[in-house]
Structure formats: structure tokens, C-alpha cells
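Following: one structure in C-alpha cells, then a few remarks.
The values are calculated or read from the model by the stated rules, or taken from the named source; none is laboratory data. Remember, predicted model here, so these are calculated numbers, not experimental data. When we count neighbours, we look across all protein chains shown, and the Cβ atoms used for this are built from the backbone with ideal geometry, even at glycine.
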Ligand code: OAD
């Protein structure tokens, strides 16, 4: 592990441009549950019921109960040392640093990260099904059938569900950053959800030499065989250790 840490620090020292891809694991130590628990359920719900457009059409109240519970959970937690280490890493690279997150909890921004691309949306935002207005409503609990204060139509969470497209400009910006980076740091993601996980082959293959891929995860994952350096352990410990080794 110490040798891997030193190799990872060396890759970062030599890098001009860095992209980080994070998933639920980076927030696990804050107390936000990850998705792929062994029972295949999210907080007791089937993914099709609470994270698809058809699930929302069928039972919007159930979907809002699920997201209101997630909003309440996030309102009660704080960023952990892993989030803080990533915001300090950005201070070192300033403009040549992009943090792409699959998380909707907003904890990277709360920890001080600035150049954050939330490719799966945000728990704090609502989107109107009538006038399409996206609004940041913080983490207040919104009830089972919230309505748009502007036009009175139904609101939905501004979250990317299964079978939906990623926000186009945000996703294009993420792909461009990955294609041009020297190091891609992949933190706390099972890397099985696409297109997010495609940032790894994009970073590896776009330029002649390819970026160095560093994985930080509790355990090896579906992409471990393809990464250059693996740091296995809780991100709240490995990321501060990596920063200290820099
Ligand atoms: P997953 O739940 O699939 O994976 C979480 C990963 O975090 C696993 O690989 C764990 O080993 C790792 N992990 C857990 N605790 C950790 C810790 N303390 N330190 C480091 N790693 C840890 O979550 P994601 O990969 O984020 O999409 O899932 C991707 C997407 O699937 C989510 O964004 C969500 C879901 O569908 C949407 O909601 C659109």
C-alpha cells in the first residue's frame, strides 16, 4: 500500500491536469448509504420503483417519499476527510482540475470543491414537468406531491434516473476533461453504471500516452484490472494519506 501510495503521489506530482470521478463510496463515511447493497434494494425499494421515469408516473408519492428521506439524510450529515482532501487537491491544480461526481448529495461543494460536475443531478434541485424550471430548494422536505410555485404543475427531483440521458453540456464537459487529463482518480464507485464509467476508457485511450488511472475504493471493482494504481481502504483515510504523500 505504501508503494502504491508513493506511485500515486508521483503520478499526481507529474500531472498538469487532473480529473476525479467519484461515486457513493466517497460519502459512505459521512453516513450516506451506497447503492449496491447485497440485497439489491435501495433503502428497501426496487430501483425500478424509485429511480425510473415509469416508476414516477406510476407512484409519484412513493418516489417523493424516497427522495424526501434521502434529502433528510443528507441534511443530517457532513463532508468527511475524503471530501476535504479532494477540495485541497483542487487548490493545488486550480483550473486544471475537474471533479465529476455521480453523487447527488452535494457534499463535495459543501467541502469546498469548486469545479464540480454533478452528472446525475442534485438532491437539492426540483424540475417542473410543466415549465421545466430547475430550482434549488435546499434540503427542506417537500411533501408527497410538490407543485411548481410558478405554474402549478407537478415537480420531480432533478435527478438522472435509469433510462434517462445525462445533462448534455455537463456530460460533454466531463468527457472533454477526461480526454485531456494526465491523471484520472476514480473514488468510491463500483464503475458499473454507464455512461459515467466510460470516463475511464476515455481517459486511457484518447491521447497517445493515455492518462494514469488511480482507483481508491474499499475493495477491488469491475475496473480494477484496467487501472494503473489501486489504493484499497476507506476513502476517508486513503485520500488524506495521498494528499500528505504529495
Ligand atoms: P455503488 O453503490 O454502486 O458503489 C459504491 C462503491 O463504493 C463500491 O465500489 C464500494 O466498494 C465503494 N465504497 C464503499 N464504502 C467506501 C469507502 N468508505 N471508501 C471507498 N470506497 C467505498 O455506487 P456508485 O458507483 O456511485 O445513479 O453508483 C453509481 C450510480 O448508480 C449512482 O450514481 C446512482 C446509481 O444508479 C443514479 O442515481 C442516477
Every listed condition ((1) within 16 Å of the ligand (Cβ to nearest atom); (2) surrounded by fewer than 22 Cβ atoms within 10 Å (Cβ to Cβ); (3) in contact (Cβ under 8 Å) with a residue 40 or more places away in the chain; (4) over 19 Å from residue 25 (Cα atoms)) holds for residue 165 save (3)
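May I ask you to say which residue of 98, 133 is touching a helix residue (DSSP H, G or I) at 6+ places or on another chain (Cβ under 8 Å) and more than 16 Å from the ligand (Cβ to nearest atom)? Lay out the reasoning, then the answer.
Values: 133 fails: touching a helix residue (DSSP H, G or I) at 6+ places or on another chain (Cβ under 8 Å).
One residue alone meets the criteria, 98.
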Exactly one of 49, 59 is without any contact (Cβ under 8 Å) to a residue 24 or more places away in the chain, buried (at least 16 other Cβ atoms within 10 Å of the Cβ) and over 19 Å from the mean Cα position of the chain (by Cα), and that one is 49
If we keep only residues of region 169-187 that are in contact with a helix residue (DSSP H, G or I) (Cβ under 8 Å, 6 or more places away or on another chain) and more than 17 Å from residue 90 (Cβ to Cβ), then the residue surrounded by the fewest Cβ atoms within 10 Å (Cβ to Cβ) is 179
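Please go through region 74-88 and pick out each residue that is more than 10 Å from the ligand (Cβ to nearest atom) and either under 30 Å from residue 214 (Cα atoms) or under 16 Å from the mean Cα position of the chain (by Cα) (or both). Outline the logic, then answer.
Within region 74-88, the first condition is being more than 10 Å from the ligand (Cβ to nearest atom), and the residues that meet it are 74-79, 81, 83-88.
Correct list: 74, 77, 78, 79, 81, 83, 84, 85, 86, 87, 88.
Condition first: in a loop (DSSP other than H, G, I, E, B) and buried (at least 17 other Cβ atoms within 10 Å of the Cβ). Now tell me which residues in region 72-100 satisfy that. Steps first, please.
Narrowing region 72-100 to residues in a loop (DSSP other than H, G, I, E, B): 76-80.
Listed by number, the residues that qualify are 79, 80.
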Examine region 4-17 for a residue that is at pLDDT below 95 and surrounded by 21 or more Cβ atoms within 10 Å (Cβ to Cβ), and state whether such a residue exists.
-> no
Picking from 140, 135, the residue that is outside the structural domain of residue 203 (by TED's automatic domain parsing) and either in contact with a strand residue (DSSP E or B) (Cβ under 8 Å, 6 or more places away or on another chain) or on the phi > 0 side of the Ramachandran plot (or both) would be 135
